[in-house]
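Here's the structure, in structure tokens; my notes come after.
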Amino acid sequence: MFVDGFGEIITDILTVNPGLSAVNQHFLDASNYTFQAVTLGKDAAGYNFHAHSPSTTHLEYIDGVVASGVSGATFNTIDSLEQVVVGMNFKNSGNYVSSYLPSATQLHFIDTYNSLADYPSPEHTRLEQKSTLTTNASSFSATLPDLGHYPNAYMDSSVSSAWNVLGGYAPPAEDGRIFVLVNRGGGHIASGILSGIYNKNKVVDKNGFIKVSQTSALAKTDVLANLVDGCVVFSSLSDGIDPMASSTAIAIVPQQGDAVTLAMFGGVNHIGVYCIDVKAMLAASIDPPYSWNPINNVRVGNELNNKRIYKLVSKATFWDNLMIHSDDGFTGHVEAGEGGLQRGYNMGSLTNKGPTFIVKFNFL
């Protein structure tokens with residue numbers, strides 16, 4: 001669904017003063033008005049369930065082995081140091097023994113968990129209108145993110161110590177962070193080292209905005225080879241996406257550790273697409289060019305501070321969760337060291353190291 005922000009961008013395109021090029025030629029850059037970012041999100045209540053809500057029973061297991069002397073430990077004393085992502089499987093039977101299904105958690109807490117994502121409206125400026133604060137992490141910071149979508153807390157120096165509760169996207173493999181899946185009794189089911197590709201490639205900022213690659217003239221068959229630069233815009237006649245008929249598409253592929261953490265934090269019910277909010281950038285005294293580069297992305301310690309301000313132009317909302325982990329679809333593809341759970345996502349497989357979400361646009 002296109003939202004009102006898309007109409008505002010079209011108005012900006014039609015009314016921009018050509019004379020501005022005499023001041024700064026980049027005022028007329030076409031990239032000021034193209035798709036520049038994507039966010040992923042879920043139901044607002046879910047930000048305090050799933051892996052957002054660790055318990056002391058989870059802490060019997062650190063890195064897949066029984067930790068000594070932790071029976072009375074709290075989340076703050078153990079997980080804040082280990083930064084382990086812990087998920088409890090409430091459906092550990094049949095084909096779901098080493099799986100994580102967000103719907104099983106929703107069903108288990110049905111009396112207190114309203115798991116419906118916000119129905120889309122053209123007036124929306126964010127994915128979820130209700131608060132998406134993870135109050136379970138309130139002991140770490142008084143300024144927790146409330147973005148309406150997944151943050152990338154790992155890249156936010158003010159809350160990075162709680163990234164494994166605040167969620168979003170996984171650290172790169174070299175940081176050695178762990179995920180642990182446990183059963184209802186706290187018993188170990190599966191674990192491994194996370195391998196976050198978005199953070200490895202530095203294409204997602206601390207607020208969870210995933211960069212859209214500006215590489216042009218790509219087809220659907222080119223998507224997997226071009227993920228290093230973020231989400232991929234493509235056209236493909238064979239898939240009914242004809243640029244000559246005012247159609248295009250964006251491919252979003254959460255890979256490896258990003259697929260694991262998104263599943264364990266409750267999955268994906270929303271996809272948002274954004275353009276740069278040029279007026280807001282100018283009001284903040286930030287002049288173009290607005291490229292994704294070191295000038296506009298100041299890295300301080302572990303923080304990627306993207307100075308670009310975005311405007312939501314389109315959102316897709318789904319009743320069914322797009323990101324589940326299931327034993328079904330196992331292909332024998334070993335993900336050792338890559339943060340995969342060695343099973344399928346979205347009832348598929350890890351052959352492509354994660355699911356591919358395609359958002360199609362028809363501008364006619």
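In this structure, is residue 207 in contact with a Pro (Cβ under 7 Å, 6 or more places away or on another chain), buried (at least 19 other Cβ atoms within 10 Å of the Cβ), of a type in the set (S, T, N, Q) and over 24 Å from residue 30 (Cα atoms)?
So residue 207 passes the test.
Residues of the range 130-146 being out of contact with any strand residue (DSSP E or B) (no Cβ under 8 Å at 6 or more places or on another chain), in contact (Cβ under 8 Å) with a residue 24 or more places away in the chain and of a type outside the set (Phe, Trp, Tyr), which ones?
Those that are out of contact with any strand residue (DSSP E or B) (no Cβ under 8 Å at 6 or more places or on another chain), in contact (Cβ under 8 Å) with a residue 24 or more places away in the chain and of a type outside the set (Phe, Trp, Tyr): 130, 131, 133, 134, 135, 136, 137, 139, 145.
Mind checking which residues of the range 65-122 are closer than 24 Å to residue 137 by Cα, among the small types (Gly, Ala, Ser) and at pLDDT below 50?
Across the range 65-122, the qualifying residues are 67, 69, 71, 72, 73, 80.
Would you mention how many residues in the range 123-154 are more than 18 Å from residue 37 (Cβ to Cβ), of a type in the set (Gly, Ala, Ser) and at pLDDT 90 or above?
Total meeting the criteria: 1.
For the range 1-52, give me each residue that is in contact with a strand residue (DSSP E or B) (Cβ under 8 Å, 6 or more places away or on another chain) and closer than 30 Å to residue 85 by Cα.
Residues satisfying the conditions are 36, 37, 38, 39, 40, 41, 42, 50, 51.
Would you call residue 31 part of a helix (DSSP H, G or I), modelled with pLDDT of 90 or more, out of contact with any Pro (no Cβ under 6 Å at 6 or more places or on another chain) and surrounded by fewer than 18 Cβ atoms within 10 Å (Cβ to Cβ)?
Criteria met by residue 31.
How many residues does the range 164-204 hold that are touching a Phe, Trp or Tyr at 6+ places or on another chain (Cβ under 9 Å), aliphatic (A, V, I, L, M) and closer than 21 Å to residue 355 by Cβ?
8
If residue 196 passes every condition in (1) among the small types (Gly, Ala, Ser); (2) out of contact with any Asp or Glu (no Cβ under 6 Å at 6 or more places or on another chain); (3) farther than 30 Å from residue 10 by Cβ but one, which one does it miss?
(2)
Checking the conditions here, which among 291, 285, 238 is at pLDDT below 85, loosely packed, with under 14 Cβ neighbours inside 10 Å and among the polar types (S, T, N, Q)?
That would be 238, the only listed residue that is at pLDDT below 85, loosely packed, with under 14 Cβ neighbours inside 10 Å and among the polar types (S, T, N, Q).
The values are calculated or read from the model by the stated rules, or taken from the named source; none is laboratory data. Every value quoted in this text rests on a predicted model; they were computed, and no experiment measured them. Note that we place each Cβ from the backbone using ideal geometry, even for glycine, and neighbour counts take in every protein chain shown.
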